[in-house]
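All remarks here apply to the structure that follows.
The values are calculated or read from the model by the stated rules, or taken from the named source; none is laboratory data. Worth saying up front: this structure is predicted, and the values here are computed from it rather than measured. Here the Cβ is made from the backbone with ideal geometry for all residues, glycine too, and neighbour counts use every protein chain on show. To get the accessible areas, we keep the full protein, side chains included, count just its heavy atoms, and leave off ligands, DNA and RNA. Shrake-Rupley method; radii C 1.70, N 1.55, O 1.52, S 1.80 Å.
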Amino acid sequence: MSGELPFGEEEQSDALKRVWALCLTLIQAKVPVVTYQSFICTIQPISYVDDTVTLAVTNLYAKDWLQKNAANPIRKALEFHLDTNGIQLNFIVRAKDPSRESSRQPIPVQQQLPLEAEAEEPETVITRGQIESPVPVPSNPKSSSSNRASARKEGKFKENELPIPSLPLNEKYTFDSFLVGRSNRLAHAGALQVAERPGEVYNPLFLYGGPGLGKTHLLQAIAHAMRQKNPDARIAYVSGEYFAQHYIMALRDHATEDFRRQYRMVDVWLVDDIQFIAGKEHTKEEFFHTFNALYQSGKQIVLASDRTPRELNTMDERLRSRFQSGLIADIGAPDLETRIAILQRCRQRERADVPDDVLTYIASAIQSNIRALEGALTKLLAYSSIMKLPIRPELAQEVLSEYFIEKPVPSRKLTVDIIVGQVGELFGITVEALKGPTRNKDVSQARQIAMYLCRELLPELNTSTTGAAFGGRDHATVVYACQKVKAMREIDPETSDALNRLYRALLG
């Protein structure tokens with residue numbers, strides 16, 4: 001897609017906003033967290049005319065830094081989501097609107113972190129919870145430490161005036177917006193208890209699971225709930241990468257004393273992606289002492305990782321044993337019903353007219369990542385808006401091909417009987433045997449494959465309904481069958497071949 005889109009200078013169109021939202025998701029995966037939080041997430045898209053995308057930034061420093069260091073990932077993301085090549089970027093500095101500025105959230109302390117060792121750092125404004133007075137970030141470590149020392153001697157720099165180190169919170173990540181299913185019920189319950197009684201139960205709380213399943217959502221939900229309950233609570237939400245870079249900056253500026261005091265004065269410490277510090281020896285040592293200091297003083301600690309404490313092999317045993325001393329809760333991939341509910345909530349939030357069969361199609365195709373689910377729907381809405389096309393399963397199949405390995409839209413209306421009949425024909429087993437009580441090994445295997453296909457190709461049926469169609473079998477039997485077939489598909493060529501043949505026969 002190229003040419004000109006009528007995106008106004010004064011009021012951005014919904015289509016451009018949607019495209020840029022998709023680009024942010026892609027860029028966030030390509031650049032360091034600090035880079036994204038300090039420069040990328042504040043960019044505003046202005047226009048797309050004659051293959052040139054104009055992006056507004058807040059100051060000249062950001063403009064120069066982006067042009068030198070981040071233009072390539074931004075350009076690639078735009079070309080991918082606009083489906084074109086040769087995009088040119090035009091960064092402009094847009095003056096801040098004073099009326100908006102007065103209502104903006106405080107600038108988080110993470111904007112002080114160095115993005116490059118030699119980068120000149122801009123002035124930032126930091127205080128505990130509110131913007132009160134400008135605090136310049138010195139570029140000279142010696143002058144930095146001497147200034148702090150003189151300030152302490154004069155009695156002007158008290159411990160409770162140190163800024164709380166924290167990344168910004170997404171206002172959408174609350175307990176109310178978190179959909180609870182079988183795969184995340186324990187993690188959700190543990191997070192709720194921690195938010196209600198910090199430091200008293202489940203300390204530490206350790207959440208683990210794959211990317212895009214809700215770990216970050218729960219961590220930030222805890223922070224939101226606690227701030228609502230106690231606005232004066234000192235809550236530090238950081239990532240493993242943020243903690244490491246903050247420590248490096250403190251070493252560079254000879255400010256490790258202030259660094260330690262900043263973290264050890266917090267009431268609640270929320271650390272996302274803890275696996276990031278696993279290979280950093282000095283950072284691990286500092287993390288260990290900070291963990292101990294907070295734990296022994298009864299402060300709440302919540303950690304999140306992409307793996308269990310035992311699987312953090314490069315972590316010291318003393319750290320892993322501490323991680324295991326509280327509640328460990330996994331967050332698994334959501335089931336089909338939960339995925340559909342997530343998409344329905346997105347549809348409601350976007351006030352979009354998306355048919356239920358399209359949501360069901362997307363939910364059945366994307367099974368292991370909530371971010372991918374939401375991103376797929378956002379991209380589909382953007383494409384439909386830009387190209388003026390109605391949203392149908394066929395359009396979803398065309399637009400969302402990068403999300404799907406192979407998920408064709410069925411060419412005919414499928415039913416349980418059609419699927420069972422096709423499975424029986426392939427394996428030479430009667431429909432009556434597949435639905436009956438026979439426990440012969442061959443019949444049981446074919447029956448499990450039929451159940452798996454029913455759940456894959458008829459997502460509108462829940463497990464209880466599917467089990468009822470196979471002679472009144474229960475929910476647990478269907479779940480076991482689906483899990484077994486899914487595992488066998490990965491390791492057994494015969495099962496994989498049989499499934500591929502059945503897909504082709506059923507989907508045409």
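List of remarks:
- Pick from the stretch 79-101, criterion closer than 15 Å to residue 57 by Cβ and in a loop (DSSP other than H, G, I, E, B), ranking: modelled with the highest pLDDT: 94
- Those residues of the stretch 42-59 which are outside any strand (DSSP E or B) and open to solvent by 10 Å² or more (accessible area, probe 1.4 Å), in sequence order: 42, 50, 51, 58, 59
- Considering the conditions (1) touching a residue at least 60 places away in the same chain (Cβ under 8 Å); (2) crowded, with 19+ Cβ neighbours inside 10 Å, residue 376 is excluded by exactly one of them, (1).
- Residues that are touching a Lys or Arg at 6+ places or on another chain (Cβ under 6 Å), assigned to a loop (DSSP other than H, G, I, E, B), surrounded by 14 or more Cβ atoms within 10 Å (Cβ to Cβ) and at pLDDT 50 or above are absent from the stretch 69-78 altogether.
- Residue 496 fulfils the conditions (1) farther than 29 Å from residue 340 by Cβ; (2) of a type outside the set (Lys, Arg); (3) surrounded by fewer than 14 Cβ atoms within 10 Å (Cβ to Cβ) except for a single criterion, (1).
- Once the stretch 399-427 is narrowed to residues that are charged (D, E, K, R) and closer than 20 Å to residue 367 by Cβ, the residue that is modelled with the highest pLDDT is 402.
- All positions within the stretch 375-390 that are closer than 25 Å to residue 217 by Cα and in contact with a Leu (Cβ under 8 Å, 6 or more places away or on another chain): 375, 376, 377, 378, 379, 380, 382
- Residues of the stretch 210-231 satisfying the condition of being of a type outside the set (Ser, Thr, Tyr), under 11 Å from the mean Cα position of the chain (by Cα) and not in a loop (DSSP other than H, G, I, E, B): 215, 217, 218
- Test: residue in the stretch 253-262 that is basic (Lys, Arg), under 26 Å from the mean Cα position of the chain (by Cα) and open to solvent by 10 Å² or more (accessible area, probe 1.4 Å): no
- Residues located in the stretch 274-318, provided they are among the aliphatic types (A, V, I, L, M) and either surrounded by fewer than 20 Cβ atoms within 10 Å (Cβ to Cβ) or within 22 Å of residue 233 (Cα to Cα) (or both): 278, 293, 294, 301, 302, 303, 304, 312
- The residue that is most open to solvent (accessible area, probe 1.4 Å), counting only those in the stretch 13-33 that are touching a residue at least 40 places away in the same chain (Cβ under 8 Å) and not in a helix (DSSP H, G or I), is 30.
For (1) modelled with pLDDT of 85 or more; (2) surrounded by fewer than 20 Cβ atoms within 10 Å (Cβ to Cβ); (3) under 30 Å from residue 189 (Cβ atoms); (4) of a type in the set (Ser, Thr, Tyr), each residue gets a yes or a no:
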| site | (1), (2), (3), (4) |
| --- | --- |
| 331 | yes, no, yes, no |
| 348 | yes, yes, yes, no |
| 359 | yes, no, yes, no |
| 369 | no, yes, yes, no |
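- Scanning the stretch 181-197 for residues that are in a loop (DSSP other than H, G, I, E, B) and without any contact (Cβ under 8 Å) to a residue 40 or more places away in the chain turns up just one, 197.
- Flag if residue 468 is at pLDDT below 85 and surrounded by fewer than 18 Cβ atoms within 10 Å (Cβ to Cβ): no
- The stretch 319-329 - residue that is touching a strand residue (DSSP E or B) at 6+ places or on another chain (Cβ under 8 Å) and of a type outside the set (A, V, I, L, M) and, of those, most open to solvent (accessible area, probe 1.4 Å): 324
- Hits in the stretch 42-63 - residues which are in contact with a helix residue (DSSP H, G or I) (Cβ under 7 Å, 6 or more places away or on another chain) and under 21 Å from residue 30 (Cα atoms): 45, 53, 57, 62
- Selection of the stretch 222-237 for residues being surrounded by fewer than 18 Cβ atoms within 10 Å (Cβ to Cβ) and closer than 19 Å to residue 329 by Cβ yields an empty set.
- Residues located in the stretch 384-397, provided they are crowded, with 20+ Cβ neighbours inside 10 Å and either modelled with pLDDT under 85 or under 25 Å from residue 181 (Cβ atoms) (or both): 396
So that you can scan it fast, the table gives a plain yes or no per residue for (1) open to solvent by 20 Å² or more (accessible area, probe 1.4 Å); (2) not hydrophobic (A, V, I, L, M, F, W, C):
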position	(1), (2)
170	yes, yes
184	no, yes
189	yes, no
220	no, yes
239	no, yes
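- Looking across the stretch 302-325, just one residue is over 24 Å from residue 213 (Cα atoms) and among the aliphatic types (A, V, I, L, M), and that is 319.
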